[in-house]
Amino acid sequence: MGSYEAVTEKPATKWVVTCMVGGVIVGVSLLGAYSSQLGMFWKTRRRNKKPVRVYMDGCFDMMHYGHCNALRQARALGDQLIVGVVSDAEIIANKGPPVTPLHERLMMVNAVKWVDEVIPEAPYAITEEFMKKLFDEYKIDYIIHGDDPCVLPDGTDAYAHAKKAGRYKQIKRTEGVSSTDIVGRMLLCVRERSKSDSHNHSSLQRQFSNGHSPKFEPGSPAATASGTRISHFLPTSRRIVQFSNGRGPGPDSRIVYIDGAFDLFHAGHVEILRLARDLGDFLLVGIHTDQTVSTTRGSHRPIMNLHERSLSVLACRYVDEVIIGAPWEVSKDMITTFNISLVVHGTIAENNDFQKEQCNPYAVPISMGIFKLLESPVDITTTTIIKRIVSNHEAYQKRNEKKGESEKRYYEGKGHVSGD
């Protein structure tokens, strides 16, 4: 009986197993087909999805890391960042004369790594007419600005129409720096000169230190004759990562090295960095320390401290990596460590007598045959920017006062006065 039951159960068992296996095969096939169609659906959807285009405008005069951080934040709110650069005439009418003319400001904005498109000659205020043009012609989804007020001469909000339309988004302002503040650092120098022709190192340093006497740490280089001021801006590792590319050179990359102070980062810096980047696959930029800059260029330099200067350079689309606090001399060890293929220097610089000096900072790369002097395409230095301000200091002083009066009227209209 037992053997008979076993024999008679075999066909039934075989039939069940066959059905189960067949069902699994059919199920897997259907699941595979469904997954394939679902994958195609999402790919098509992503392909057809309209990119979010955001707009941010500004004067971007004497462009600094605060401007760059604002553009970085704006870009994070969309897929494409379109930047409007306000015309010279509009700046003069609303704020006073710009330090850097439109063509230089356009160079600066175009060089920022987070910018996709630039609109030149943008109006200072977002009018209904211009807002319509942004929405219809440039396909802008949102208009972005910082949480600091942008006030017209009559005390009204320049972004009132965008806010009313519900197409306005706000980002956090970068504290501790502004074009007005930078101009103010240099205007203090002019004020003190009018009082006395006698200047020592400490007084010169005071003129470039945010409007008040800097605090020095006992025994630090800043307390010595070099006069380098203590930074009031302290970057976090997170901020440096935000500005960095996050990638290193490939194993066969041609690494180009250029160094300098890069103080008051300007169009001359941008253009020489562009040329340097074209000579290789990876551009490494050395930023000299505050003490080095003070020693080589005078105790009133740098105007921007090491961390401020480093972030400005990192924001440039032509730069792959920076050495924060690079040595004055380019040594053999440094060339080996960073696998540098070429060291370059521009023809327009604050100090181009290095080849005549006994201690030439580029002696090693010159002896190795890997040094190249690049013809600077723009004749601008940090001294050029300072001279522009000093030569027209009365107009810039009025500009700073005018901004303060406009902001006061704005806050009074809101029912409170700024404590700034």
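The values are calculated or read from the model by the stated rules, or taken from the named source; none is laboratory data. Here the structure is a predicted model, which means the values were calculated and not measured. Positions of Cβ are generated from backbone atoms using ideal geometry, with glycine treated the same way; all protein chains shown enter the neighbour counts. Protein only, heavy atoms only, side chains kept; ligands, DNA and RNA dropped before computing areas. Shrake-Rupley method; radii C 1.70, N 1.55, O 1.52, S 1.80 Å.
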Looking at the range 257-278, can you tell me whether even one residue there is out of contact with any Phe, Trp or Tyr (no Cβ under 7 Å at 6 or more places or on another chain), modelled with pLDDT under 95 and farther than 26 Å from residue 61 by Cβ?
no
Suppose we keep only residues that are of a type in the set (A, V, I, L, M, F, W, C) and assigned to a helix (DSSP H, G or I) within the range 376-401. Which one would you say is modelled with the lowest pLDDT?
395
Those residues of the range 297-323 which are part of a strand (DSSP E or B) and more than 14 Å from the chain's Cα centre (by Cα) amount to 323
When you look at residue 241, is it open to solvent by 60 Å² or more (accessible area, probe 1.4 Å) and either at pLDDT below 95 or closer than 20 Å to residue 334 by Cβ (or both), yes or no?
yes
Which of the residues belonging to the range 153-180 are in a loop (DSSP other than H, G, I, E, B), crowded, with 16+ Cβ neighbours inside 10 Å and hydroxyl-bearing (Ser, Thr, Tyr)?
159, 174, 178
Counting only residues in the range 113-152 that are in contact with a helix residue (DSSP H, G or I) (Cβ under 7 Å, 6 or more places away or on another chain) and part of a strand (DSSP E or B), the one surrounded by the fewest Cβ atoms within 10 Å (Cβ to Cβ) is identified as 120
Does residue 112 count as at pLDDT below 80 and among the aliphatic types (A, V, I, L, M)?
no
Just one of (1) out of contact with any helix residue (DSSP H, G or I) (no Cβ under 6 Å at 6 or more places or on another chain); (2) at pLDDT 50 or above; (3) open to solvent by 30 Å² or more (accessible area, probe 1.4 Å) trips up residue 223, so point out which.
(2)
In the range 244-274, what residues are assigned to a helix (DSSP H, G or I) and open to solvent by 50 Å² or more (accessible area, probe 1.4 Å)?
274
Among what's in the range 54-99 and is open to solvent by 30 Å² or more (accessible area, probe 1.4 Å) and touching a Leu at 6+ places or on another chain (Cβ under 8 Å), pick the residue that is nearest to residue 309 (Cα to Cα).
75
Which members of the range 324-365 meet the condition of being within 17 Å of residue 263 (Cβ to Cβ) and assigned to a strand (DSSP E or B)?
324, 325, 326, 345, 346
Could you check, for the range 288-310, whether at least one of its residues is open to solvent by 20 Å² or more (accessible area, probe 1.4 Å), under 19 Å from residue 365 (Cβ atoms) and of a type in the set (A, V, I, L, M)?
no
